[in-house]
Amino acid sequence: MLKQVFVIISVLGFFACQPSPKAQTNKLEEKTQEESTTGSASDNNKTATKKIVFFGDSLTAAYGLSEEEGFPSLIQEKLKSEGYEHYEVISAGVSGETTSDGNNRISWTLKQPIDIFILELGANDAFRGTDPNITEKNLQAIIDKVKTKYPACKIILAGMLAPPNLGSAYTSKFKRIYPQLAKKNNLALIPFILDGVAGDKSLNLPDGIHPTAEGYKIVAENVWKVLREVL
């Protein structure tokens, strides 16, 4: 248990300290140059393809690995193998991003039609000791903007944990953010996206923080268990 707690603390710290390398930022940028709409992807008469956007930090950006080894790419492979070829996965992960950063860039991200939106943010807030009320407010703002732009879009919220060194009151309050938001907004919830990976040395890179390619396979399964229910 102590080993897992230590790794969770390290994960949160490392996320906050990382820059936002251009190579791992938003592939969405390339696509928004080509298409813009105010409807959902499924309403676009030019294509039957539906868009799934993963919006997050270094976890989504597959920090330290190739894009193909990250869980968004693994989900794309899973979709194809399960007969969902009409879904296209777009990784919109930026290393080091907080919920405030995400709230600032979400409007730009929404220039492209989205059918399913996976929101994976909050780790960097926790490391910095951000007031959980602020984190919750930022996440709610992102959710509201997605719903306003694309009312038919399905949203999945990925949960995160706060480091225990901030005290039990803080960690408990932070942990409640995700189920509370999921219930309030009727969203699908991934309780803890790193479940089964955090604390396992063999599933993390030499930095002891980010998942290895094998670790990302588990992360992808954590995501898939929830995603498949909303397809």
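Throughout, read-outs are computed from the coordinates displayed, never taken from laboratory work. Keep in mind it's a predicted model, so treat the numbers as computed, not measured. So basically every Cβ, Gly included, is an ideal-geometry build from the backbone, and we count neighbours across all protein chains shown.
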task: For residue 155, list long-range residues whose amide hydrogen, built 1.01 Å from N in the peptide plane, is under 5 Å from its own amide hydrogen.
output: 117, 188
- prompt: What is the spin-label model distance, in nm, from residue 131 to residue 81 if the labels are put 7 Å beyond Cα along the C-beta direction?
  reply: 4.6 nm
statement: Computed about the Cα centre, the charge dipole of region 184-226 from +1 Lys/Arg and -1 Asp/Glu charges at the Cβ has a magnitude in debye, to the nearest 20, of 180 debye
- prompt: Sorted from largest down, what three extents in whole angstroms do the Cα atoms of region 86-231 have along their principal axes?
  reply: 40, 35, 25
Dipole magnitude (debye, nearest 20) for region 130-231, charges at Cβ of Lys, Arg, Asp, Glu: 500 debye
field: Sorted peptide list for 185-197, 77-89, criterion being average Cβ within 10 angstrom, highest first
entry: 185-197, 77-89
